[in-house]
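Participant: There's a structure below that I have some questions on.
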Amino acid sequence: MKKQNPALIYGLIGAAILIVFGLAMQMYMTSMQKAVDSGESFNFLKFIGVGILSFLIIAGVYIFCIIKSMKEYRKINPDYTYRKLVGYGLFATLVIAIVSTAFTLLYSQVIDPGAAKKSVVLAEKLIENSNMPDDQKEKALEGARKQNQDPVRQTITSLAITLFCGLIVSLIAGAVLNKRGKEFTPNPNNLT
């Protein structure tokens, strides 16, 4: 029986979780858009809280999948090395990033092509209704409009940042999970 690749498995699991979470967040933003359009009051702290919670959930999914793939690889291959552990963590990160980014592009280009424009309109409304000084509002509005102009650049930047963060998490997790130690000789008198 062929051994399964734990990085691929946990990468796909992580990507599926992030896709479902992304769809839930899209529904939340749509409901927020309708609330702002109907004239309901907007709670900025709630909006920031949801953003922070989203970031924590996404980071948690990545960290969980990286660590689980390393632990599973360690079980399958008792002759693991630190480099292999880090490689498996980075591969899990790559799988999550590519699959979830591909779905995001599919969603924004095919399923709901107006989603990016809706988010820009929502950001503009939120900025206009904020208590910022007029010069800061103009800068914020300009930044919100520029944000979604180049999806390819945005995708490449997102992948690069994700892989860098995944590498850092993999390096740390690999150091913690490398239980074989520093591979010193068992007898200190036998140094050669």
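Participant: Do the conditions hold for S31, that is, is it open to solvent by less than 40 Å² (accessible area, probe 1.4 Å), assigned to a helix (DSSP H, G or I) and at negative phi?
Facilitator: Numbers: open to solvent by less than 40 Å² (accessible area, probe 1.4 Å): no; assigned to a helix (DSSP H, G or I): yes; at negative phi: yes.
Against the criterion (open to solvent by less than 40 Å² (accessible area, probe 1.4 Å), assigned to a helix (DSSP H, G or I) and at negative phi), S31 does not qualify.
Participant: Kindly indicate whether K139 is over 25 Å from A160 (Cα atoms), in contact with a helix residue (DSSP H, G or I) (Cβ under 6 Å, 6 or more places away or on another chain) and surrounded by fewer than 19 Cβ atoms within 10 Å (Cβ to Cβ).
Facilitator: Numbers: over 25 Å from A160 (Cα atoms): yes; in contact with a helix residue (DSSP H, G or I) (Cβ under 6 Å, 6 or more places away or on another chain): no; surrounded by fewer than 19 Cβ atoms within 10 Å (Cβ to Cβ): yes.
Taking the combined requirement at face value, the residue does not satisfy it.
Participant: For residues in the stretch 48-64 being exposed (fewer than 13 other Cβ atoms within 10 Å of the Cβ) and either touching a Lys or Arg at 6+ places or on another chain (Cβ under 9 Å) or of a type in the set (A, V, I, L, M, F, W, C) (or both), which is modelled with the lowest pLDDT? Walk me through it before giving the result.
Facilitator: Keep residues of the stretch 48-64 that are exposed (fewer than 13 other Cβ atoms within 10 Å of the Cβ), which gives 48-49, 51-53, 55-56, 59-60.
If we keep only those that are either touching a Lys or Arg at 6+ places or on another chain (Cβ under 9 Å) or of a type in the set (A, V, I, L, M, F, W, C) (or both) as well, we get 48, 52-53, 55-56, 59.
Working: I48: 80, I52: 92, L53: 93, F55: 93, L56: 95, A59: 95.
By that ranking, first place goes to I48.
Participant: Still on this structure, I have one more. Scanning for something open to solvent by 40 Å² or more (accessible area, probe 1.4 Å), over 23 Å from S38 (Cα atoms) and in a helix (DSSP H, G or I), does the stretch 128-135 turn up at least one residue? Quick ask: steps written out before the conclusion?
Facilitator: Initial filter on the stretch 128-135 (open to solvent by 40 Å² or more (accessible area, probe 1.4 Å)): 128-129, 131-135.
Among the residues that remain, those that are also over 23 Å from S38 (Cα atoms) are: 133-135.
Remaining after also requiring in a helix (DSSP H, G or I): 134-135.
Yes, there is a match, as at least one residue in the stretch 128-135 is open to solvent by 40 Å² or more (accessible area, probe 1.4 Å), over 23 Å from S38 (Cα atoms) and in a helix (DSSP H, G or I).
Participant: Output yes when any residue across the stretch 72-80 is buried (at least 16 other Cβ atoms within 10 Å of the Cβ) and either touching a Cys at 6+ places or on another chain (Cβ under 7 Å) or among the polar types (S, T, N, Q) (or both), and no when none is.
Facilitator: Pass one, the stretch 72-80, residues buried (at least 16 other Cβ atoms within 10 Å of the Cβ): 72-74, 80.
From what is left, the residues that are either touching a Cys at 6+ places or on another chain (Cβ under 7 Å) or among the polar types (S, T, N, Q) (or both) are none.
Looking through the stretch 72-80, none of the residues is buried (at least 16 other Cβ atoms within 10 Å of the Cβ) and either touching a Cys at 6+ places or on another chain (Cβ under 7 Å) or among the polar types (S, T, N, Q) (or both).
Participant: Inspect the stretch 89-108 for any residue being of a type in the set (A, V, I, L, M), modelled with pLDDT under 75 and either touching a Cys at 6+ places or on another chain (Cβ under 8 Å) or surrounded by fewer than 18 Cβ atoms within 10 Å (Cβ to Cβ) (or both) and give the result as yes or no.
Facilitator: Of the stretch 89-108, the ones of a type in the set (A, V, I, L, M) are 90, 92, 94-99, 102, 105-106.
Narrowing the set further to residues that are modelled with pLDDT under 75 leaves none.
No - not one qualifying residue is present in the stretch 89-108.
Participant: Sticking with this structure for a sec: Assuming K3 fulfils every condition listed in (1) of a type in the set (K, R); (2) at pLDDT 80 or above; (3) in contact with a helix residue (DSSP H, G or I) (Cβ under 6 Å, 6 or more places away or on another chain) apart from one, which condition is it?
Facilitator: Unmet for K3, out of (1) of a type in the set (K, R); (2) at pLDDT 80 or above; (3) in contact with a helix residue (DSSP H, G or I) (Cβ under 6 Å, 6 or more places away or on another chain): (2).
The values are calculated or read from the model by the stated rules, or taken from the named source; none is laboratory data. Since the structure is predicted, the reported quantities are computational estimates derived from the model, not experimental observations. All Cβ positions, glycine included, derive from the backbone under ideal geometry; neighbour counts span all protein chains shown. Remember, those area values only see protein heavy atoms, side chains included, never the ligands or the DNA or RNA. Shrake-Rupley method; radii C 1.70, N 1.55, O 1.52, S 1.80 Å.
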